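Here's the structure we're looking at; comments come further down.
Rule-based calculations on the coordinates, nothing more; no lab input. Here the structure is a predicted model, which means the values were calculated and not measured. Note: ideal-geometry Cβ built from the backbone for every residue, glycine included; neighbour counts use all protein chains shown.
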Amino acid sequence: MKENILVINPGSTSTKIALFNLQGEEIFKENISHSTEELTQYKTLLQQAPARKKIILSTLKKRNIDLDSIKAVIGRGGILRPLIAGTYEVNDKMIEDLKNFPREHASNLGGIIAREIANEVGVSSYIADPVCVDEFTELARISGLKGIKRESLLHALNVRANAYRYAQEKGKKLGEINLIVAHLGGGISIAPLEKGKIVDVNNANDGGPFSPERTW
């Protein structure tokens, strides 16, 4: 019976995976670390995909997870063309963009690996709230320098997850409240949400706050 959802979150030095049942209950999660020596043998991030996929499948096997129990696979959303927040089914065009987009980021492996595993199982694959979520107001695009517009690149998945969590705690729908959410990690995203939409972000990619890994 297909009753589980596999979640894949590739990072620069780790691959996090988790398995949930259809009621949203966590069955297990694991953080697989990748050493510098392991990663430096690959010239590009895309070349890491087969090795990371192999480790994921090996982890599932060790935990006695039958692949036929998986109903869907969802990966971390990567850098694509601007999208509004939401869940997207991975298709051929998305894979083409993930592999060929000028900006390379570990998150791009999420949709690629999810699609490959899902195809083997015979189910659909998805991404949700990728880093390219763009719901900026026109005012937010003004950089202060003529001809240059501010871009929306942020930790949208974590920002929206925490916004949802807060809304649930208050007994509200996300579209009913305004929030400022801060993601504090190797990179930092501080985003105001207006009625659920990320209308701006002060992030460490483009002169935002100093962070452990990004010091503009």
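Evaluated at 25 °C with a viscosity of 0.890 mPa s, what Stokes-Einstein diffusion coefficient in µm²/s does region 1-111 have when Rh comes from the Kirkwood expression over alpha-carbon pairs?
Rounded, D is 164 µm²/s.
When Rg is the radius of gyration of the Cα atoms in the chain and Rh is its Kirkwood radius, what does Rg/Rh come to?
Dividing the radius of gyration by the Kirkwood radius yields 0.98.
Using alpha carbons only, how many angstrom separate the centre of region 33-72 from the centre of region 125-139?
For region 33-72 versus region 125-139, the Cα centre distance is 26 Å.
Using R₀ = 25 Å, calculate the FRET efficiency as 1/(1 + (r/R₀)^6) where r is the Cβ-Cβ separation of ASN119 and ASN21; round to 0.05.
Details: r = 22 Å, r/R0 = 0.89.
After rounding, the FRET efficiency stands at 0.65.
Can you sort SER124, SER152 so the residue with the fewest Cβ neighbours within 10 Å comes first? Provide the component values of the computation, followed by the final result.
Numbers: SER124 16, SER152 22.
The order, fewest Cβ neighbours first, is SER124, SER152.
How about LYS2: which aspartates and glutamates have a C-alpha closer than 17 Å to its C-alpha, ignoring those fewer than 8 places off in the same chain?
The qualifying aspartates and glutamates are GLU25, GLU26, ASP66, ASP68, GLU120.
Relative contact order of the chain, please, whole-number percent, based on alpha carbon pairs below 8 angstrom and at least 6 residues apart.
So the answer I get is 15 percent.
Relative to a virtual label point 7 Å from the Cα of GLU213 in the Cα→beta-carbon direction, which members of region 155-188 show backbone nitrogen distances below 20 Å?
So the set is 155-162, 182-188.
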